[in-house]
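Reading through the structure tokens given below for one structure.
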Amino acid sequence: MSTDQQEQKQESKSPFKKINYIWWLILIGLIIWNLMTFLPKVNREANIPYSTFLEQIKEDNVSRIQIDGDKITGEFVKPFEWATNAPVTQRSTSEKSAEPPEEKIKPTTTETYSKFITIFPQDVGDPNLLPLLEKHNVEVDVVTRAHTRFTEIIISVLPFLLLIVFFIWMGRQAVRNQSSIFRFGRSQARRYTANRPSVTFEDVAGANEAKAQLQQEVDFLSRPEKYHKLGARIPRGVLLLGRPGTGKTLMARAVAGEAKVPFFNISASEFVEMFVGVGASRVRDLFNQAKEAAPSIIFIDELDAVARRRGAGMGTVNDEREQTLNQLLVEMDGFDEKQEVIVMAATNRPDVLDPALLRPGRFDRQIVIGLPDREGREGILKIHSKPLTLSDNVDLKLLARITTGMSGADLSNLCNEAAILAAKNDRKEVTMDDFEEALDKISLGEKRQVILDQTVRRVIAFHEAGHALVAWFTPNADPVHKVTIIPHGLALGATKQLPLEDQYNYSRAYLISRILVLLGGRTAEETAIGEVSTGAENDLVEATRLARRMVTRWGMSNLGLLAFKADEDQPFLGYELSRGRDYSEATAALIDQEIKRLLDESHENVRELLTAKAEKLHTLAHALLENETIEQPDLKDILGSRPEDSANILDLAKETYR
């Protein structure tokens, strides 16, 4: 079972949309066009009298003309010099003078022109013009008046109209963007109706218990009158709990698909914005939409983003988030008893939720969607391997057995990685080798091409050999599947163990074996090399954490059946400072001493085992230096059969920890 990664994306509604650069180019072009049309043009044509025009024809200085109504334009054969005079008004310097102002003439300026323009005297007419033009071989072109008028209108008016249209469009965009600013209070939920291809319980594998519990919600949404007649009140809220990737969102969509009702999907983080009151407004709007579409489902993903405990910790006050939470509490408590709306929410952090949200009447039911068992993993693998072209040697039952602890999202990723590796190797089918390599990539990390010194490789080989040997000769430890000294991810080597069965409860013997295996690498370095390295850092951290839990939580130490409150999982900063500690400083010292005793005695027991099996330890380390990776069948040849029923170091450990 995996989360649905193909949710319909909501169209972005930013209040400040950027105009495409193409529109800016169009605007600049329109402005330039209007400037060229309406600004005064520099006259590069000589404006000559009609008589001068006739004289130039007679002198054979006109090559061609164009007649456009009463306007005649043309070109000279030779450059023509034309003088222009401009009258200037000059007033007397005496303010009391009553005489009219005098007009003076500016000095004459002469310019050379190659073109000219003149006006034909239509009222008088000139029947000799055309014969004169023909006599002097002047080329004549006559323009139709209607065509000229239309062209002038287009050239002069169209740019101006386009500019007006552009500014009208800009204004509408500004109004639309401004209106979107005031729509922040509207819900951003995505609504899916029954017409959309839906997900059903058949598409969900590995969560039979959760599906059985949710079937009642489906029945209520499908036939609400059946319950209303009896006066029953269906739970208003259903909280889906589980680790990331277990399929909480997919399960909620399956409920909507089975009931065939509208489904409102929103993330809790979408409620809160930088504006005060927006989150509460969106909550109200979401519930109003759901009530109008009833029967319906509201699904809020990652509920902890908005429903965290109020007033917890230091520096966690967020008025906007708390107002949003208060509005959510009011809406869920304000339902009509016959309101056919169910609120479903998902979170992987139920420990941080506000207690008021979890009381009866709000989220009445809490459904845990855990990791799938072996049968569930096989069903999930069948679903996600349907699109793949599988080889005949792919055994999904075997894959389900060796993928203990994987979620639906992990299994989906496994199938995808295997297909990618098959395509990378130019295979036509996905083989079992591709799945095993993909599993190593997911669990151990990507292989790294690191050139290591022989001394470093020897240390790594003995370290991993120590882990493998202790696990091999400890019957309650998980079987060793593979040992490698090839760097994967951040690790320089790895010892991979695979449990035979799914485990839901851990015995003290199993936990002791875990500590022994964790200390095997560091102890092997001490006994075989005589020096220790930093490679055991993660092993020591995990062993210490496990020993502390055995002492403080599970009563598996000499302190007896006492459980002490641990601060390590408290999510709120400073929350424990106000609550205090429920044991004294003397008890805290005893806890530290007991943890140290467990680790020291485990270390000594592992040292005895590795000393007794020193020959096998060296043989396994040299085999790792030569082959780099050793599978389980080769481990059996090197170390022999696992002494499942014989007495070994674990028996001594059991006696020690009693």
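Here, each number is a calculation from the coordinates, and none is a lab measurement. Every value quoted in this text rests on a predicted model; they were computed, and no experiment measured them. Heads up, the Cβs are rebuilt from the backbone with ideal geometry, glycines too, and the neighbour counts pull from every protein chain shown.
Table for the structure above
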item: Amide H within-cut-off set for ILE48, under 5 Å, with H built and near neighbours excluded; result: ILE117
item: Sequence of ILE266, ILE119 once ranked by neighbouring C-beta atoms within 10 Å, starting from the fewest; result: ILE119, ILE266
item: Residue exposure sequence - ASP592, ASP539, ASP453 - by fewest surrounding Cβ within 10 Å; result: ASP453, ASP592, ASP539
item: Shape of the range 369-450, Cα gyration tensor, a/c cut at 1.5; result: oblate
item: Cβ crowding within 10 Å averaged over residues, with 63-76, 200-213 ranked highest first; result: 200-213, 63-76
item: Within the range 239-298, GluC sites (Glu not before Pro) in DSSP loop having at most 13 other beta-carbon neighbours inside 10 Å; result: none
item: Packing-based ranking, highest mean first, of 424-437, 515-528, 130-143 given that Cβ atoms within 10 Å are counted; result: 515-528, 424-437, 130-143
item: Under-5 Å amide H pairs with LYS482, H placed in peptide plane, nonlocal only; result: LYS496
